Amino acid sequence: MNDKPLIEAKSLFCERDDRVLFESLSFDIHAGEMVQIEGPNGSGKTTLLRILSGLSEAYEGEIYFNGEDIASARAEYFSNLLYLGHKPGVKAVLTPVENLVSYTACRVNRSGAEIEAALAKVGLNGYEDVPCHSLSAGQHRRVALARLYLSDAPLWILDEAFTAIDKAGVKTLEQLMAQRVAEGGTIILTTHHELSVGGGLRKITLGTGAIA
């Protein structure tokens, strides 16, 4: 493992509705690590992921990516990041294939066969060319998850990625995550699912100050 952290957070403080979610929160995350943010409902898990992904500035403290403050190196940071939040970010007028073609055009070129294989991995065989406005909310979520099978971003930040997928899909996604970190990628996630990804999972528990 590289001694230099990929992500370094220093003295993070955040409050919401006059209630402190976390304070004096500091941690390092290295390349090749999977880190689960856990804690009771309302402890700030999603808020912390949005802060780490650069989508929220409602905090105090410092966050660095490869030694650079993310506030002053936003373009570089975003180009190295894949964030999946509660909203899937799927364009309803496009088909699943068209959504993924649009996504990969901005990131890394993927073939039509690779895109269709990614959709198959998330259980969308037969829906590749159906406009997304005709799909269910769960299927929208699966279109978003298909990005994981196409992404080369070194950092993934995932909020409840296992929502709306079946047992086979969960197993496939766990295998993808394990492979990703084995290849040096970094994953920060929240989940209510009990992960089965082998060793190396680290946890940051909000509400207690525990970092394991």
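Before moving on, here are some points about what is shown:
- Any hit, region 52-61, residues being of a type in the set (Gly, Ala, Ser), within 18 Å of Lys203 (Cβ to Cβ) and within 20 Å of the chain's Cα centre (by Cα): no
- Residue count for region 80-124 satisfying the condition of being touching a residue at least 40 places away in the same chain (Cβ under 8 Å) and open to solvent by 20 Å² or more (accessible area, probe 1.4 Å): 15.
- Going through (1) of a type in the set (S, T, N, Q); (2) under 29 Å from Pro40 (Cα atoms); (3) touching a Phe, Trp or Tyr at 6+ places or on another chain (Cβ under 9 Å) one by one, Thr163 falls short only on (3).
- Some residue of region 131-142 being within 24 Å of Ala182 (Cβ to Cβ) and either open to solvent by less than 40 Å² (accessible area, probe 1.4 Å) or within 16 Å of the chain's Cα centre (by Cα) (or both): no
- Among the residues of region 59-76, those identified as farther than 20 Å from Thr190 by Cβ and of a type in the set (Ser, Thr, Tyr) are Tyr64, Ser72.
- Pairing residues of region 164-183 that are within 15 Å of Ala146 (Cβ to Cβ) with residues that are among the small types (Gly, Ala, Ser) and assigned to a helix (DSSP H, G or I), at Cβ distances under 7 Å and at least 6 apart in sequence or on separate chains, gives Ala164/Gly138.
- Note on region 110-212: enclosed helices (runs of 4 or more DSSP H) holding 3 or more residues that are farther than 14 Å from Asn99 by Cα and at pLDDT below 90 are 167-182.
- Taking the criterion of being farther than 27 Å from Ile51 by Cβ and not polar (S, T, N, Q), the residues of region 84-105 that qualify are Ala92, Val93, Leu94, Pro96, Val97, Glu98, Leu100, Val101, Ala105.
- Within region 94-109, if we keep just the residues that are assigned to a helix (DSSP H, G or I) and farther than 13 Å from Leu148 by Cα, the residue that is modelled with the lowest pLDDT turns out to be Ala105.
- Boolean, Gly184 is open to solvent by 60 Å² or more (accessible area, probe 1.4 Å) and within 19 Å of His30 (Cβ to Cβ): no
The values are calculated or read from the model by the stated rules, or taken from the named source; none is laboratory data. Here the structure is a predicted model, which means the values were calculated and not measured. Backbone-built Cβ (ideal geometry, glycine too); neighbour counts: all protein chains shown. For accessibility, only protein heavy atoms count, side chains too; no ligands or nucleic acids. Shrake-Rupley method; radii C 1.70, N 1.55, O 1.52, S 1.80 Å.
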